[in-house]
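The structure under discussion appears below in the form of structure tokens.
The values are calculated or read from the model by the stated rules, or taken from the named source; none is laboratory data. Small disclaimer: the values here were computed from a predicted structure and weren't measured. All Cβ positions, glycine included, derive from the backbone under ideal geometry; neighbour counts span all protein chains shown.
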Amino acid sequence: MFVKKADGSLRLVVDYWKLNEVTYKNVYPLPRQDDLMAKLRNARIFTKLDLRWGYNNIRIKEGNKWKTAFRTKYGLFEYLVMPFGLTNAPAAFQHFMNNLFRDLIDVTVVIYLDNVLIFLENPKDHPTHVREVLSQLMKNQLFCKLSKCHFHVTMVDYLGIVISPTSFSMDQKKIEAVASWPQPRTVKQVQAFLGFVNYLCRFIPNFSSVAQPLHNLTKKETPWSWNKAKEDAFQELKNLVTKSPVLIHSNPELPYYLETNASGVAMGAILSQRGSDNWLHPIAYMSKSFSGAEANYNTHDKELLAIIKALEEWQIFLEATNKPIQVFTDHRNLEYWREAQTFNQRHAWWHTFLSDFNFKIHYCPGKQSGKPDALSRRMDYTDLPMEPEVMLPSEVFANTLEEELEIVTEIRSRLKEDPSLEQIIQFLTEDADNAPPSIQKAYQDYDWEEDLLWY
């Protein structure tokens with residue numbers, strides 16, 4: 001079948017799902033959007049190139065062409081070049097482009113598939129680098145589509161994000177597309193909407209929490225029901241996109257401010273820095289749902305996990321900073337996380353990860369911190385007065401229970417007789433550190449203390 005491209009021309013698309021099912025997957029990574037954007041923080045001038053024919057620039061290996069055969073009313077045809085629709089096409093093409101520009105990647109060029117962006121801090125040197133890239137393309141018989149190229153500009157739309165020397169913002173066309181998105185009528189239409197806005201979640205505070213009712217609707221066991229909760233989530237996401245803030249470039253010479261928050265099902269974070277006006281401006285938003293096991297963690301662990309996930313997400317910025325990262329949370333006990341006396345294996349892993357970062361945790365009551373976007377405009381967190389807060393109601397101390405020795409002894413003896421727990425106990429008691437990563441991940445929520453298995 002043919003599908004319309006953005007310029008109105010047609011592209012032949014073949015359904016290769018059966019071939020893809022039996023194809024060994026090429027795991028060559030595609031660049032992460034936030035990694036690409038991080039490379040551009042000092043750039044002042046840009047040139048964007050768009051290659052003609054994309055994947056079709058790579059020839060198919062002799063002997064493999066028959067695998068791409070497709071049927072038409074005029075007979076069978078097979079591709080001589082790599083078509084769209086093959087599961088390994090993106091990875092193979094990214095590998096090809098990275099190899100072609102390996103000396104320039106992340107220095108003066110970033111590449112995402114057939115989208116090439118040349119960036120430089122000094123405009124005077126920019127033409128030289130543009131000629132270098134164009135020369136390399138010509139040597140390899142690769143050509144650009146002039147109508148989609150932009151030369152020597154100070155603002156450019158790259159991968160749907162508008163980039164300038166001072167900031168990132170959302171492409172206005174994408175904002176308009178979301179604003180006019182009709183109400184989904186099927187699960188596939190919900191998935192299409194979520195897929196579109198998920199690409200923009202860098203600009204959307206609390207994305208996972210807001211989108212949760214729609215995500216629930218896409219689960220196999222959930223019957224279709226478009227109720228008020230789904231409609232509210234749909235409209236709120238559209239509203240957040242249309243009001244999306246401008247994000248600034250990070251500056252490694254300035255301290256970072258990180259605010260995190262965890263709810264029952266998801267966590268959110270905002271990374272900020274002070275601008276020349278001395279106000280905090282957002283660099284990026286992040287929001288992730290908790291997995292099944294994570295959703296069962298207690299409040300302390302969820303709040304600490306929110307910090308860990310945020311540090312992982314923005315590791316490219318935060319790991320090497322020489323100024324302490326100022327972390328703000330509405331969970332007071334996290335201020336003393338280093339002094340914790342009780343550890344399980346999960347906590348030990350977390351503490352090892354956190355030791356790679358230079359940060360200080362500050363308590364900021366939820367009712368004072370407000371939403372992440374409001375917090376990003378605060379003048380100074382440290383001016384917030386500490387308010388007394390009850391961490392645990394007195395009733396919990398009156399309802400404590402000590403286990404009887406007979407019960408504990410019975411549990412200990414039965415544990416070793418349970419074949420379903422044999423592998424877990426062996427992992428925890430023998431050589432957990434040398435176990436394969438998949439096993440470590442599977443059993444990370446278990447702990448072995450005093451000959452008892454804890455979860």
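Quick notes
- No other residue among GLY75, GLY85 is of a type outside the set (S, T, N, Q) and without any contact (Cβ under 8 Å) to a residue 12 or more places away in the chain apart from GLY75.
- Of the residues examined, ASN261 is one that is surrounded by 21 or more Cβ atoms within 10 Å (Cβ to Cβ) and more than 22 Å from MET37 (Cβ to Cβ).
- Taking first residues from the range 432-451 that are over 24 Å from ARG412 (Cα atoms) and partners that are assigned to a helix (DSSP H, G or I), the Cβ contacts under 8 Å between residues at least 6 apart in sequence or on separate chains come to ALA435/PHE427.
- Positions within the range 100-116 being touching a residue at least 24 places away in the same chain (Cβ under 8 Å) and charged (D, E, K, R), in sequence order: ASP106, ASP114
- Any hit, the range 126-142, residues being part of a loop (DSSP other than H, G, I, E, B), among the hydrophobic types (A, V, I, L, M, F, W, C) and surrounded by fewer than 15 Cβ atoms within 10 Å (Cβ to Cβ): no
- Considering each residue of the range 291-302 in turn, at least one proves to be among the acidic types (Asp, Glu) and not assigned by TED's automatic domain parsing to the domain that holds VAL187.
- Residue satisfying all of: in the range 9-27; touching a helix residue (DSSP H, G or I) at 6+ places or on another chain (Cβ under 9 Å) and surrounded by fewer than 12 Cβ atoms within 10 Å (Cβ to Cβ); nearest to ALA91 (Cα to Cα) among these: VAL27
- Residues of the range 242-266 satisfying the condition of being within 28 Å of TYR443 (Cβ to Cβ) and modelled with pLDDT of 85 or more: THR260, ALA262
- Scanning the range 21-37 for residues that are at positive phi and aromatic (Phe, Trp, Tyr) turns up nothing.
- Where LYS148 falls short, out of the listed (1) of a type outside the set (A, V, I, L, M); (2) at pLDDT 85 or above; (3) within 25 Å of ALA266 (Cβ to Cβ): (3)
- Among (1) within 19 Å of the chain's Cα centre (by Cα); (2) in the same structural domain as LEU304 (by TED's automatic domain parsing), the one test that GLN212 misses: (2)
- Unique match (being assigned by TED's automatic domain parsing to the domain that holds VAL153 and surrounded by 18 or more Cβ atoms within 10 Å (Cβ to Cβ)) among LEU80, LEU86, LEU30: LEU86
- Test: ARG102 is basic (Lys, Arg) and either within 21 Å of ALA89 (Cα to Cα) or not in a helix (DSSP H, G or I) (or both): yes
- Whichever residue in the range 32-56 is assigned to a loop (DSSP other than H, G, I, E, B) and at pLDDT below 85 and, among such residues, is nearest to the chain's Cα centre (by Cα): ARG32
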